[in-house]
Amino acid sequence: MKPAKFDYVLPATLDAAIEALVASNGEGKVLAGGQSLLPLLNFRMARPAVLVDLNGIKGLSYIEERGDRIAIGALTRHRDLEHSPLVASRLPVMSAAMRHVAHLAIRNRGTIGGSLSHADPAAELPMLSAFYDARISVQGPAGRRTIAAEEFFVDALTNCLEPSEIVVEIEFPVLDHDGWAFEEVARRFGDFALASIAVSVRRAQSGLKDARIAVMGVADTPLRLREAEQELVAMELNDRTPDRFSEIVVSKVSPNDDLHASAAYRRHLLAQLSRRALKTALAATERAP
């Protein structure tokens, strides 16, 4: 199929892009990488009156270290995140997860701002933003505001942006952890995840002193499992810990049956992935200096 008729705008500045969205009276769509939007246009599931292309705006693609945070511009491509030495050293869970994002052609064009705005609950970058407790900066007619990642995702394919707001930057805190893991299962490599988990831990002299856990593919939004984090930190570390951790993680989610997998199957997958992820993360802490 072909898209329904629309007007096309290629602004040179962020202000001009926002003005075009305001002028569209809520009937405009932002084009970044287009890897999610263009299929929706072709199937006429999206029928914008105006398409506002951000690719003419300079200065929205970068990866910068700012103290204990990594700032990433909204037009930064997936491939740049995948191959960035800075991301690999400071945000290792993101670096590992990027290899699971779709396929090479899509990673070459897709952007972090586009992925977050699309808010697919089975996509890696929305989950990573929740995992890292990222801060998402957006700009609109009223100026710039910052939104916590957990507040940004409202429902499946739904974010909290106003119609004339645009994601411009995302800041990821660097975790002071010495062990981590990312695990995912998809029907085929590169497909959206049926279930996935990210785990990061900081070892103490006895047990753990900090943990970070997020999951995706098992709810209508990515989930940060804060209660599970607290329970893991309070847990005695022994041979039974991965099994107990797996039970805790599964108890925190309520997936739905859908076309791709039953709720029971998603729970089963998450249980296996959780066990494997914690074993990997704990093993890394033993190798850490």
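Structural remarks
- Residue check, ASP220 of a type outside the set (A, V, I, L, M, F, W, C), farther than 17 Å from LEU125 by Cβ and either surrounded by fewer than 23 Cβ atoms within 10 Å (Cβ to Cβ) or at pLDDT below 95 (or both): no
- The residues in the range 249-270 that are crowded, with 18+ Cβ neighbours inside 10 Å and over 20 Å from the mean Cα position of the chain (by Cα) can be counted, and the count is 3.
- Subset of the range 1-60 [of a type in the set (Lys, Arg) and assigned to a loop (DSSP other than H, G, I, E, B)]: LYS2, LYS5, ARG44, ARG47, LYS58
- Failed criterion for LEU273 (all others in (1) surrounded by fewer than 18 Cβ atoms within 10 Å (Cβ to Cβ); (2) within 29 Å of ALA119 (Cβ to Cβ) hold): (1)
- Which listed residue, of GLU227, GLU231, is acidic (Asp, Glu), more than 14 Å from ALA181 (Cβ to Cβ) and surrounded by 15 or more Cβ atoms within 10 Å (Cβ to Cβ): GLU231
- Evaluating SER196 against the criteria (1) within 16 Å of VAL93 (Cβ to Cβ); (2) touching a Lys or Arg at 6+ places or on another chain (Cβ under 8 Å) leaves one unmet condition, (2).
- Out of ALA142, ALA96, ALA134, sole residue that is assigned by TED's automatic domain parsing to the domain that holds ARG69, in contact (Cβ under 8 Å) with a residue 40 or more places away in the chain and either hydrophobic (A, V, I, L, M, F, W, C) or closer than 22 Å to VAL52 by Cβ (or both): ALA96
Here is a yes/no grid of residues against (1) assigned to a strand (DSSP E or B); (2) within 30 Å of PRO141 (Cα to Cα); (3) of a type in the set (Gly, Ala, Ser); (4) not assigned by TED's automatic domain parsing to the domain that holds VAL138:
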{"site": "LEU161", "(1), (2), (3), (4)": "no, yes, no, no"}
{"site": "GLU184", "(1), (2), (3), (4)": "yes, no, no, yes"}
{"site": "ALA195", "(1), (2), (3), (4)": "yes, no, yes, yes"}
{"site": "ALA198", "(1), (2), (3), (4)": "yes, no, yes, yes"}
{"site": "VAL218", "(1), (2), (3), (4)": "no, no, no, yes"}
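The values are calculated or read from the model by the stated rules, or taken from the named source; none is laboratory data. Keep in mind that what you see is a predicted model, and the values were worked out from it rather than measured. In this analysis, Cβ positions are derived from the backbone assuming ideal geometry, glycine residues included, and neighbour counts consider all displayed protein chains.
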